[in-house]
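Chemist: Structure in C-alpha cells, see below.
The values are calculated or read from the model by the stated rules, or taken from the named source; none is laboratory data. In this text, all values refer to a predicted model and were calculated from it rather than measured experimentally.
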Amino acid sequence: MAIITITTPFNIDLEFRIASFNKRLLAWLIDITIICFYYYLMLRFIYPLFGMGEAVSTAAGLFVIVLPVLAYQLAFELFLNGQTIGKRIAGIKVIDKEGREPTWGQYITRWILCIGNLFIYIIPYVILANPAFMLFFMILYLPDFLTIVISQRSQRIGDFAAGTVVIDANYKANISETIYLEIEDKGYQPLFPEVMRLTDRDINGIRNLLNTKRPGKDTEHYIIDVAQKIKTVLNIQSDLYPTDFLEKLLQDYNYFTAKASSGR
C-alpha cells in the first residue's frame with residue numbers, strides 16, 4: 001500500500017498511508033446505499049404529503065430530496081473532519097496534501113469536480129429502475145478512475161484541483177509510535193509551556209524523529225537543526241542537548257494535555 005511523506009514546517013517528515021482502492025470503493029457503495037435508502041423513504045412516505053399541486057410538489061422535491069442529496073458528500077466531509085458515513089465506516093478520510101485538515105474551499109472544490117457523484121446521487125431511483133443507465137454513469141467516473149490509478153497519491157481530478165488526498169485514517173502501527181507518553185503527574189516540573197503552540201502533528205513528528213532507526217551523524221545533525229528551528233519559532237532559550245530538549249518537549253506536551261483534559 002502506498003505511503004506518502006509530508007514535511008512539517010519544522011522539517012519533520014510524517015508518513016501517511018494512501019487509502020486503498022478497495023476501501024474507497026467500499027465507502028462509495030455505502031454512501032450510495034444510504035442515498036438510495038433516503039430516496040426511498042422520502043418518495044414513499046414524505047413526498048406524498050406535499051401532493052397539493054404540481055408547483056408545490058416540485059418545490060418540495062427540490063428542497064426535501066434533491067438538494068439534501070446533492071449536499072450529502074460536502075456536508076458530511078465538512079462536519080465529520082473529511083469523512084462521509086461511508087468513509088468513516090471504511091476507515092478513510094480526506095486531508096490536505098500538507099497533512100492538515102482541508103479548508104472549506106478545498107472541500108467545495110473537490111465536491112464540485114466530482115461529476116460522477118453529482119449525477120449518480122441525484123437520480124439513484126432512475127438507475128434502480130433501469131440498470132442500463134449504469135453504463136452512462138460509469139463513463140462519467142472514468143476520468144476520476146484513471147487519475148486515481150495513474151497518480152502517485154491516488155488522487156482524482158477534484159483532489160488535484162483542491163490539493164487534497166484520501167488516506168487510511170486507521171494507519172497507526174502501535175501506541176509507541178504515537179504522541180502518547182505516560183507522565184508521572186506528581187512532582188513533574190514542565191519547562192516549556194510554549195510547546196502547546198505546536199499541534200499533535202508536530203509533536204508526532206518529533207516523536208517519530210526521536211524514534212528513528214537511522215543511526216549516524218546525518219541523523220544527529222538533523223535533530224540539531226530541528227531543535228534549533230523549534231527554539232527559534234517558539235522563542236525558547238534552553239541549554240539542553242538537542243535530543244534532551246526534544247524529549248522534554250514531548251513530556252511537557254503530554255503533561256499539559258493531560259492536565260487540560262482532566263480539567264485541572
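Chemist: Restricting to the stretch 74-116, and then to whatever is at pLDDT 90 or above and at positive phi, can you tell me which residue is farthest from the chain's Cα centre (by Cα)?
Modeler: Gly91
Chemist: Going by the conditions given, is Glu194 of a type in the set (Asp, Glu), assigned to a helix (DSSP H, G or I) and modelled with pLDDT of 85 or more? Working first, answer last.
Modeler: Numbers: of a type in the set (Asp, Glu): yes; assigned to a helix (DSSP H, G or I): yes; modelled with pLDDT of 85 or more: yes.
When the stated conditions are applied, Glu194 passes them.
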